[in-house]
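Notes for the one structure printed next.
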Amino acid sequence: MNTIYALATALGKSGVAVIRLSGPRALMAAKTLAGSLPEPRVAGLRVLKDSEGVLLDQALVLTFMAGHSFTGEDVAELHMHGGPATIKAVLQTLGDINGLRMAEPGEFTRRALENGCLDLAQIEGLSDLLEAETEAQRKQALRVFSGALGDKAESWRSQLIRAAALLEATIDFADEDVPVDVTPEVKELLDSVMIALASEASGVQISERIRNGFEVAIVGAPNVGKSSLLNRLAGRDAAITSEIAGTTRDVIEVRMDLNGLPVTILDTAGLRDTDDAVEEIGIERALERAKNADLLVFLYDAEPLNLPLQPENDDIVLRSKADLYEGEADSVSGKTGQGLSELTTRIAEILQNRAAGASTAIRERHRTAILTALAALESAKNELEYGMDRSELAAEELRTAIRALDSLVGRVDVEHILDEIFASFCLGK
């Protein structure tokens with residue numbers, strides 16, 4: 001196996017840059033540059049030189065032995081000054097050492113998977129952690145990276161293996177008088193796992209929203225103040241405002257962090273009947289995005305709501321242009337900001353209540369695997385209803401469920417998604 005190396009910190013000037021090496025020749029390569037290595041897991045200051053003895057830099061050198069590193073292999077790290085020329089010189093020197101090559105995107109993490117240091121769910125959590133922009137995203141990603149989903153999958157798997165073993169015992173001794181009826185214990189195990197799986201699957205959509213962001217659409221008639229409100233929320237002129245009805249023709253998006261939640265505010269075209277073909281397209285897009293949004297903020301002026309969409313559930317209804325209607329309750333002004341704080345607090349509270357229902361499973365792939373397992377367990381229970389004569393069929397359904405749970409953590413059937421996952425990683429990860 002080749003030894004790989006890469007810059008593990010961001011490109012460009014920085015106070016400190018880290019170059020990581022992993023593989024059978026990692027320690028040898030680091031020693032070639034540094035002259036000597038400190039004890040494993042102890043940082044040591046060393047002078048780095050190229051093959052001709054020319055000074056490259058001073059660096060802190062760290063080493064990790066196989067079995068005690070991120071990748072599971074021998075790993076060395078060079079913590080050096082972050083000047084682009086210095087980084088280039090050290091990378092070039094490493095490239096001249098026989099048996100070393102530049103790492104591919106995500107290759108360090110892929111080796112961690114292959115060496116059993118991380119499961120696939122943890123790697124997905126790590127990917128999300130690197131992309132996290134808000135506190136909610138960070139917490140969710142860190143929970144998965146810490147192995148929470150893998151721990152749950154292992155618990156479910158253990159219970160199903162126990163149930164399968166009980167059924168297999170009845171099959172193996174089918175010609176003998178088995179004194180114990182295992183059906184009650186098997187059904188109890190299946191019910192326990194099915195309840196947990198159903199709960200986990202129900203929260204995936206919310207978890208995905210935390211990953212990708214909630215959408216809040218501002219809807220209303222033309223000239224009701226939607227674009228002004230969006231601009232006030234964004235703190236900039238994100239949308240064009242004018243007295244001419246129908247100015248907004250397309251959906252305008254502004255991404256925000258509301259109390260740690262990622263939220264995209266949508267400014268939509270004014271909803272009305274029109275003969276303008278372009279405006280009509282904008283209205284159709286507005287209706288489509290609004291119907292798929294997590295929350296709607298309805299604005300009205302002097303006229304009551306008479307729109308193709310009507311408020312539902314937690315949707316917010318406000319009178320716009322509050323600066324013109326002093327004392328009006330449930331109103332907001334994009335011009336002066338009146339009522340804006342109350343609106344953002346209300347949106348955040350509604351979305352935080354929904355986020356509380358998030359599960360540890362955070363991707364559609366997870367939900368699909370869980371639903372596959374649930375369907376197999378339901379079939380197994382149905383087979384057991386016919387009596388122990390159908391134990392073999394029930395056991396096969398249990399094996400299907402176990403394979404589905406194994407796919408959650410990457411034991412089986414994941415090769416086709418690995419390239420897509422690791423393509424999003426930087427070279428040093």
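The values are calculated or read from the model by the stated rules, or taken from the named source; none is laboratory data. Here the structure is a predicted model, which means the values were calculated and not measured. Backbone-built Cβ (ideal geometry, glycine too); neighbour counts: all protein chains shown. For accessibility, only protein heavy atoms count, side chains too; no ligands or nucleic acids. Shrake-Rupley method; radii C 1.70, N 1.55, O 1.52, S 1.80 Å.
If you wrap a convex hull around the C-alpha atoms of region 1-124 and split its volume per residue, what is the figure in Å³? Before the final figure, lay out the partial values.
Values: hull volume 12.3 nm³, N = 124.
Looking at region 1-124, the number lands at 99 Å³ per residue.
Express the accessible area of region 2-157 per residue in Å², computed with a 1.4 Å probe while the remaining protein chains stay in the model.
Values: 7210 Å² over 156 residues.
Result: 46 Å² of accessible area for each residue.
What ranking do 126-139, 98-111 get when scored by the average of other Cβ atoms within 10 Å per residue, highest first?
98-111, 126-139
For region 363-404, which whole percent of the accessible surface, found with a 1.4 angstrom probe, sits on carbon and sulfur atoms? Don't skip to the answer; put the middle values down first.
Details: 1000 of 2070 Å².
Roughly 48 percent, rounded to a whole number.
Diagonalise the Cα gyration tensor of region 18-73 and give the resulting equivalent ellipsoid semi-axes, square root of 5 times each eigenvalue, largest first, whole Å. Display every interim value, and only then the final one.
Details: eigenvalues 83, 28, 15 Å².
They are 20, 12, 9 Å, listed largest first.
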Once label points are set 7 Å from the Cα along Cα→Cβ at both SER36 and ILE195, what is their separation, rounded to one decimal in nm? 6.3
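Over region 15-85, what relative contact order in percent results from Cα pairs under 8 Å that are six or more residues apart?
On the way: 144 pairs, mean separation 28.0, N = 71.
Once normalised by length, the contact order is 39 percent.
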Please enumerate, by chain and number, the lysines with C-alpha under 21 Å from the C-alpha of LYS335, excluding those fewer than 8 residues away in the same chain. LYS226, LYS321
Could you sort 83-94, 19-30 so that the peptide with the highest average Cβ count within 10 Å comes first and the rest follow in order? 19-30, 83-94
What's the percent breakdown of Cα-Cα distances in region 125-234 across 5 Å bins, shortest bin first? 2, 9, 13, 12, 10, 10, 9, 8, 7, 6, 4, 3, 2, 2, 2, 1, 0
